[in-house]
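Notes follow once the structure below has been shown.
The values are calculated or read from the model by the stated rules, or taken from the named source; none is laboratory data. As the structure is a computational prediction, the values presented were derived from the model and not from experiment. We place every Cβ from the backbone using ideal geometry, glycine too, and count neighbours over all the protein chains shown. Surface areas here come from the heavy atoms of the whole protein model, side chains and all, with no ligands, DNA or RNA. Shrake-Rupley method; radii C 1.70, N 1.55, O 1.52, S 1.80 Å.
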Amino acid sequence: MKCRVCRAPAVVDVRRHNAGFCRDHFVRHCEEQVRRAVHDHHMFGPGDRVLVAVSGGKDSLALWDLLLGLGHHAEGLYLGLGIGGYSDESYGHAAAFARRRDATLHTVDLAADHGYTIPGAAAATRRSPCGACGLSKRHLFNSYALDHGFDVVATGHNLDDEAAVLLGNVLRWEEGYLGRQHPVLPASPGFVKKVKPLYRLGEREMAAYCVLQGIDYQVEECPMAAGNRHLGYKELLNDLELRSPGSKAAFLFGFVERAHARFAEDAAGQRDNLGTCRECGAPTPGEVCAFCRLRERARIAG
Ligand code: Q46
Ligand code: ZN
Ligand code: ZN
């Protein structure tokens, strides 16, 4: 196969586009997809401070690299989840990347800063680790960005992630989740703007990007991921993609462009009329927010 642009031997093929790329043109293809996502959805501009949610995996490091390459002001935040050696190694990759790119990496450590870990919280609440983890991430990335003057939080969710979440939401007709599933979630009182600049790029593309750019990343799956529903949905969508290339992108992009708006209005209403948490000041429908309740229970148990 030859590069679609310059006819040199291709090193990556992107079946969805029925195209191969040489190294340089593949990197440019990734940049172009991110540039388009940022531009089309007004994610952020040249003067904005972007906080990248960095896990040490391929997606978040590729995202950080791409944003820096496109000239954006992007700093990283790594959240120490306390998942043993997996977390230590993941942090190592994030820190090494930051050093190499001379970029700023902030850290919040659940154990040191908040007195609990994800395995501890899962045991204390008898919830799935991913439930406690997702709640902690949403809360802490949001509050860190607000407290430190960032305009927007960018996460590394890619096309495969978003299509799998969409399939889950559609199978249950989760109208509220469908209304909030979009490449951009605008700011509202107590919530910073959130964006997903990689939603046009697949998992394979992000792995290839890291390899070609010499970015070392955490290749292990999180040990707590077993039983995560989204892994099953990803497999289903991969089967579908084999039979009919392009269907994953058509499913997700069709939703973003044509269906999301039908669910968005109801979801926006749910963010109004929130009070403030008496512990931390975050928006919440109750007296104490879900994060502070989780932290309290996990600390007592720990
Ligand atoms: S880190 Fe956290 Fe993931 Fe591990 S515990 Fe689940 S949500 S699987 S992206
Ligand atoms: Zn080329
Ligand atoms: Zn709170």
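Before we move on, is Lys248 within 16 Å of ligand 1 (Cβ to nearest atom), crowded, with 18+ Cβ neighbours inside 10 Å and either at pLDDT 95 or above or among the aromatic types (Phe, Trp, Tyr) (or both)? Judged against the criteria, Lys248 is not a match.
A quick yes/no check of all residues on (1) within 16 Å of ligand 3 (Cβ to nearest atom); (2) open to solvent by less than 40 Å² (accessible area, probe 1.4 Å); (3) closer than 20 Å to Ala208 by Cα:
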position	(1), (2), (3)
Glu32	no, no, yes
His39	no, no, no
Leu51	no, yes, no
Ser55	no, no, yes
Leu61	no, yes, yes
Glu75	no, yes, no
Leu81	no, yes, no
Arg100	no, no, yes
Val108	yes, yes, no
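Suppose the filter is at pLDDT below 95, more than 30 Å from Gly45 (Cβ to Cβ), within 16 Å of ligand 1 (Cβ to nearest atom) and surrounded by fewer than 16 Cβ atoms within 10 Å (Cβ to Cβ); does Ala298 pass it? No. What do you reckon, is Arg204 at pLDDT 95 or above, basic (Lys, Arg), open to solvent by 70 Å² or more (accessible area, probe 1.4 Å) and away from ligand 2 (no atom under 16 Å from the Cβ)? So Arg204 fits the description; yes. Filtering region 122-145 for residues that are surrounded by fewer than 16 Cβ atoms within 10 Å (Cβ to Cβ), more than 16 Å from ligand 3 (Cβ to nearest atom), in contact (Cβ under 8 Å) with a residue 12 or more places away in the chain and under 21 Å from Val50 (Cβ atoms) leaves an empty set. Whether any residue in region 114-121 is without any contact (Cβ under 8 Å) to a residue 24 or more places away in the chain and not polar (S, T, N, Q) is what I want to check. Checked region 114-121: no residue is without any contact (Cβ under 8 Å) to a residue 24 or more places away in the chain and not polar (S, T, N, Q). Taking region 281-302 as the range and being under 23 Å from the mean Cα position of the chain (by Cα) and part of a loop (DSSP other than H, G, I, E, B) as the test, the residues that pass are Ala282, Cys289. Look at His73 and say whether it is at positive phi, under 20 Å from the mean Cα position of the chain (by Cα) and of a type outside the set (S, T, N, Q). No; evaluated as a whole, the condition is false for this residue. Checking Tyr217, Tyr199 one by one, the residue that is within 17 Å of the chain's Cα centre (by Cα), farther than 16 Å from His17 by Cα and buried (at least 17 other Cβ atoms within 10 Å of the Cβ) is Tyr217 and no other. Within region 157-166, the residues that satisfy the criterion of being buried (at least 22 other Cβ atoms within 10 Å of the Cβ) and either more than 18 Å from Pro197 (Cβ to Cβ) or of a type in the set (A, V, I, L, M, F, W, C) (or both) are Leu159, Ala163, Ala164, Leu166. Among the residues of region 120-176, those that are within 12 Å of ligand 1 (Cβ to nearest atom), among the charged types (D, E, K, R) and assigned to a helix (DSSP H, G or I) comprise Lys137, Arg138, Asp161.
Residues of region 4-30 that are in a strand (DSSP E or B), buried (at least 18 other Cβ atoms within 10 Å of the Cβ) and either within 10 Å of ligand 2 (Cβ to nearest atom) or without any contact (Cβ under 8 Å) to a residue 12 or more places away in the chain (or both): Gly20, Phe21.
Of the residues making up region 239-256, those that are part of a helix (DSSP H, G or I) and more than 14 Å from Tyr199 (Cα to Cα) are Asp239, Leu240, Glu241, Leu242, Arg243, Ser247.
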